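Below is one structure, written out as structure tokens, with a few remarks after it.
The values are calculated or read from the model by the stated rules, or taken from the named source; none is laboratory data. Note that the coordinates shown come from a computational prediction; the quantities given were computed from them, not determined experimentally. When we count neighbours, we look across all protein chains shown, and the Cβ atoms used for this are built from the backbone with ideal geometry, even at glycine. Only protein heavy atoms, including side chains, enter the accessible area calculation; ligands, DNA and RNA are left aside. Shrake-Rupley method; radii C 1.70, N 1.55, O 1.52, S 1.80 Å.
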Amino acid sequence: MLDRLQIIKQRFDEVSDLIIQPDVISDQKRYVQLNKEYKDLKGLVEKREEYIKVTGGIKEAQEIIADGSDAEMVEMAKMELDENKARLPQLEEEIKFMLIPKDPEDAKNVMVEIRAGTGGDEASIFAGDLFRMYTKYCESRGWRTSVVDINEGTSGGFKEVIFEVTGEDVYGTLKFEAGVHRVQRVPQTETQGRIHTSAATVMVLPEAEEFDVQIDMNDVRIDLFCSSGPGGQSVNTTKSAVRMTHIPTGLVAQCQDEKSQHKNKDKALQVLRSRLYEMELAKKQEADAAKRSSQVSSGDRSAKIRTYNYPQGRVTDHRIGLTLYDLDGVMNGSIQKLIDEIQLVNNTEKLKESEVF
């Protein structure tokens, strides 16, 4: 393991030197890539230092115990030996997981799209509940959320809501939220007290940089229209909302959240770029899925991934068979436990496949 970590330390030193070179700083694409690599390697280099300290502590304690000339030192050495021996297997496990090859998309910001599925008005209300759940979770992580487009439901909630999330390792954290989310509860609109099942679809698109996807604006049709919904006097009078259609693929993106037509154009282009990027990524994920039969997928939009059961106060993730009896907490953004368990299963599968050890 130390040999492997030594190679990483050499690369870390190399990257540390590169990111302060003027020619690298002036090349935005290369600088962003190296900066990300620097952050990833830094954690491993810190673990390497701890590994050297722990293994060195074990060796030193064993030498003191073997010498045995100072009873007080021997007693302290035994305590240190026990502590370091208990820490070593945990540390090795942590390093193994950190050595799993990372998905280069994981550090990206995301566009999250939530759409009401089957269930009429109740599905729209549930889509609104999911939007609230994710925004509260993002807030707890210190991530920034910004609404791009909203299509409100007739009885509350949203038929569709698109929002951007910016922060650290956003896609790597949220990508497994993509899929069909199902709710079982008595709808507000139900007079007989019967439990209904409704659904909403969540899509998580890694946000594409300009250098990830080149869009020829000659291939894009731009339509301007009046915004709808709350927003003061400019709504329904000023053509500030923007719809972009990418003619070669038929992909459509629109934004009406900002009062400025220019800002709406920028946001719509961002969504379009992310959708084109995700389309290419989906092909790659499909090819990868053919090679490995993982129970945890971040690509299948039609897969039913989670059920929120209100009468029993439970949330079940069907991919890993995990049930939590904390529905209120989950709907208020406490979804870290679900995310951690899914990532653990995914990383364990990757660990089995990798040739690291």
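Structural remarks
- Of all residue pairs spaced 6 or more apart or on separate chains, those with beta-carbon atoms under 7 Å, a first member in the stretch 241-269 that is of a type in the set (S, T, N, Q) and part of a helix (DSSP H, G or I) and a second member that is open to solvent by less than 40 Å² (accessible area, probe 1.4 Å) and at pLDDT 85 or above are Gln261/Val242; Asn264/Ala241; Asn264/Val242; Asn264/Cys255.
- Meets criteria (open to solvent by 30 Å² or more (accessible area, probe 1.4 Å), among the charged types (D, E, K, R) and within 30 Å of Lys96 (Cβ to Cβ)) for Glu37: yes
- Residues satisfying the stated conditions in the stretch 250-274, i.e. within 17 Å of Ser240 (Cα to Cα) and either touching a Pro at 6+ places or on another chain (Cβ under 7 Å) or hydroxyl-bearing (Ser, Thr, Tyr) (or both): Ser260
- Among the criteria (1) touching a helix residue (DSSP H, G or I) at 6+ places or on another chain (Cβ under 9 Å); (2) modelled with pLDDT of 95 or more, the one Met111 does not fulfil is (2).
Conditions tested, residue by residue: (1) among the hydrophobic types (A, V, I, L, M, F, W, C); (2) within 26 Å of Val165 (Cα to Cα).
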site	(1), (2)
Val32	yes, yes
Lys42	no, yes
Val45	yes, no
Ile52	yes, no
Ala77	yes, no
Glu94	no, no
Ile100	yes, yes
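- Members of the stretch 318-349 that are open to solvent by 30 Å² or more (accessible area, probe 1.4 Å) and assigned to a helix (DSSP H, G or I): Asp328, Gln336, Lys337, Asp340, Glu341, Gln343, Leu344, Val345, Asn347, Thr348, Glu349
- Being within 27 Å of Asp169 (Cα to Cα) and open to solvent by 70 Å² or more (accessible area, probe 1.4 Å) holds for only one residue in Asp67, Asp82, Asp17, and it is Asp17.
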